[in-house]
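In what follows, a single structure is set out as structure tokens and then discussed.
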Amino acid sequence: MVNRSKLTTCLIAVAAVAAAMVITSAASAGSVAPATVPVAADRGMVEELARTLGVSPDQALARLGRQAAFARTEERLRHGLGDRFGGAYLNDDASVLTVAVTSAAEGARVRADGAVPVVVDRSEAQLLAASGRLDGHAASAPRQIPGWYADVRTNRVVVLYRDGGLAAARSWAAASGVPSGSVRFESSVEQPRPLIDVIGGNAYYIGAGTRCSVGFAVTGGFVSAGHCGTTGATTTQPSGTFAGSSFPGNDYSWVRTAAGNTSRALVNRYPGTVPVAGSQAAGVGASVCRSGSTTGWHCGTINALNSSVTYSQGTVTGLIRTNVCAEPGDSGGSLIAGDQAQGVTSGGSGDCSSGGTTYFQPVNEILQAYGLTLTVSGSTPPTSTPTTGPTGGPTTPPQGCGGLPGWSATTAYAPGDDVSYNGRRWESTWWSTGAEPGAPGSWSAWADRGAC
């Protein structure tokens, strides 16, 4: 995948938009505008900032330039004022830098540096010390408190509390040794939770702490092994719930993640990542690599398809057999060929010290079973859900010759499915989505059965 950021990042001279950088509010207060500062800005980042703020790209770029200049001013004053520095903050459009000081005598110095002074009771160091005392008592914080922070705008430490928690928050802050005049209590509806990028090969935890590995990100969650958790079981890091699970017979599952967790078209390479661009099945002898949270990244080749393996819990069929090693905790992790998703780790024998045999549940079978869409890089991802017509029902697949449905790039096919394509009949020999019959590499998914 082309790295758009590298292609579009350029050094943009703020001088080109200097007129937009006049800090009128600060000037009217008798301060001096900061010197022009060139900023390195990615075009995509500037465009997104402009969209979010509701301004033009030039205005967004000018804001970045002001921020860069003010950051230098803030750092200079922080060191120069020492324990008289009370913190600093920008106004809504980043046109004015306000610097808090504990002595009115420092006002002229602040104005001379292009900022607006305000006199406060507590220095920044005192605010941070108060917040640090709360940090030291975090283990005893009541459950109604979602967090706290040093607020330089109000020159106090803010303690957040949920409904009914004000009294408990006051008692806890006092017990932590923070003076009452230094604290402001604020009602909050926050329910904090970790926000995690869902990436293949990363660890996740089930129930009381059992660990497995993410297979591949899909829309709304990720796929993994069925033996990792039963339907309804909960997960953490990322938080979610097993929306479906099948084991034995099959060994697949999918986890629906909670809001805020982001599906990424990536697999962890330990270190670094590799992109996931699709799920075209590879054939026997193909080189593949596996990612898992116990042993990281290991590679090998496919030895067989449609393999069956018998575990103590029962037999699983239709697996990919490889000579790639794996160990406990790698279960559910990604098997990938180049940038094409292949399967999720089921089980096997041996280890990554002496080598072994590992079996993988094909990913396209999982996508088909649950109607999931693989998260892919680049163009529109293949989907295993049927397309719909104007009334919401499934559309009829493209018609081909011999009364067979025509092949569709968005349909998930299972072994035994028949289609027509380019005047020929093709039989599916493996689970696939987007694998074009007759194309290079498609021999692992389609068999040519002659003209139709």
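The values are calculated or read from the model by the stated rules, or taken from the named source; none is laboratory data. The model shown is predicted, which means the values in this text are computed figures rather than measured ones. Cβ atoms come from the backbone with ideal geometry, glycine included; neighbour counts cover every protein chain shown. Quick note on the areas: whole protein, heavy atoms, side chains included, nothing else; ligands and nucleic acids left out. Shrake-Rupley method; radii C 1.70, N 1.55, O 1.52, S 1.80 Å.
For segment 320-337, state whether one or more residues are surrounded by fewer than 24 Cβ atoms within 10 Å (Cβ to Cβ), of a type in the set (A, V, I, L, M), part of a strand (DSSP E or B) and touching a strand residue (DSSP E or B) at 6+ places or on another chain (Cβ under 9 Å). Within segment 320-337 (the criterion being surrounded by fewer than 24 Cβ atoms within 10 Å (Cβ to Cβ), of a type in the set (A, V, I, L, M), part of a strand (DSSP E or B) and touching a strand residue (DSSP E or B) at 6+ places or on another chain (Cβ under 9 Å)), the answer is yes, since at least one residue qualifies. Restricting attention to segment 378-405 and to residues that are farther than 29 Å from Val274 by Cα and assigned to a strand (DSSP E or B), the residue that is modelled with the lowest pLDDT turns out to be Thr388.
All conditions in (1) modelled with pLDDT of 95 or more; (2) more than 20 Å from Gln313 (Cβ to Cβ); (3) not hydrophobic (A, V, I, L, M, F, W, C) hold for Gln237, with the sole exception of (1). When Gly54 is tested against the conditions (1) open to solvent by 60 Å² or more (accessible area, probe 1.4 Å); (2) closer than 29 Å to Arg111 by Cα; (3) at pLDDT 85 or above, the lone failure is (2).
Evaluate the following for Ser408: is it more than 17 Å from Val309 (Cβ to Cβ), modelled with pLDDT of 90 or more and assigned to a loop (DSSP other than H, G, I, E, B)? No; evaluated as a whole, the condition is false for this residue.
The set of residues in segment 186-222 that are over 14 Å from the mean Cα position of the chain (by Cα), part of a strand (DSSP E or B) and hydroxyl-bearing (Ser, Thr, Tyr) comprises Ser187, Tyr205, Thr210, Ser213.
Please work out if Ala168 is among the small types (Gly, Ala, Ser), open to solvent by less than 40 Å² (accessible area, probe 1.4 Å) and either out of contact with any Leu (no Cβ under 6 Å at 6 or more places or on another chain) or under 30 Å from Asp330 (Cβ atoms) (or both).
yes
Tallying residues that are loosely packed, with under 15 Cβ neighbours inside 10 Å, in a strand (DSSP E or B) and in contact (Cβ under 8 Å) with a residue 60 or more places away in the chain within segment 224-276 yields 2. Determine if segment 432-449 includes at least one residue that is buried (at least 16 other Cβ atoms within 10 Å of the Cβ), modelled with pLDDT under 85 and among the acidic types (Asp, Glu). Within segment 432-449, one or more residues are buried (at least 16 other Cβ atoms within 10 Å of the Cβ), modelled with pLDDT under 85 and among the acidic types (Asp, Glu).
Is one or more of the residues making up segment 59-81 closer than 20 Å to Arg156 by Cβ and open to solvent by less than 20 Å² (accessible area, probe 1.4 Å)? Within segment 59-81, one or more residues are closer than 20 Å to Arg156 by Cβ and open to solvent by less than 20 Å² (accessible area, probe 1.4 Å).
When segment 303-319 is limited to residues that are small (Gly, Ala, Ser) and free of Cβ contacts under 8 Å to residues at least 12 places away in the same chain, the one that is surrounded by the most Cβ atoms within 10 Å (Cβ to Cβ) turns out to be Ser308.
Consider segment 340-349 and keep the residues that are open to solvent by less than 50 Å² (accessible area, probe 1.4 Å) and of a type outside the set (A, V, I, L, M, F, W, C). The one that is modelled with the lowest pLDDT is Gln340.
Among the conditions (1) among the hydroxyl-bearing types (Ser, Thr, Tyr); (2) more than 12 Å from the chain's Cα centre (by Cα); (3) closer than 23 Å to Ser432 by Cα, Ser263 misses just one, which is (2). Remark: pairs (first residue in segment 171-183, farther than 11 Å from Gly136 by Cβ; second residue part of a helix (DSSP H, G or I) and open to solvent by less than 40 Å² (accessible area, probe 1.4 Å); Cβ separation under 6 Å; 6+ apart in sequence or on different chains) = Ser182/Ala130; Val183/Ala173. Within segment 116-131, one or more residues are more than 30 Å from Arg170 (Cβ to Cβ), of a type outside the set (D, E, K, R) and over 33 Å from the mean Cα position of the chain (by Cα).
Filtering segment 277-297 to residues that are open to solvent by 40 Å² or more (accessible area, probe 1.4 Å) and under 25 Å from Thr235 (Cα atoms) leaves Thr294, Trp297. The residue that is surrounded by the fewest Cβ atoms within 10 Å (Cβ to Cβ), counting only those in segment 184-213 that are of a type in the set (Val, Ile, Thr) and either touching a His at 6+ places or on another chain (Cβ under 9 Å) or touching a residue at least 40 places away in the same chain (Cβ under 8 Å) (or both), is Ile196.
Taking the criterion of being among the small types (Gly, Ala, Ser) and closer than 18 Å to Gly343 by Cβ, the residues of segment 180-224 that qualify are Gly200, Gly201, Ser213, Gly215, Ala217, Gly221, Ser224.
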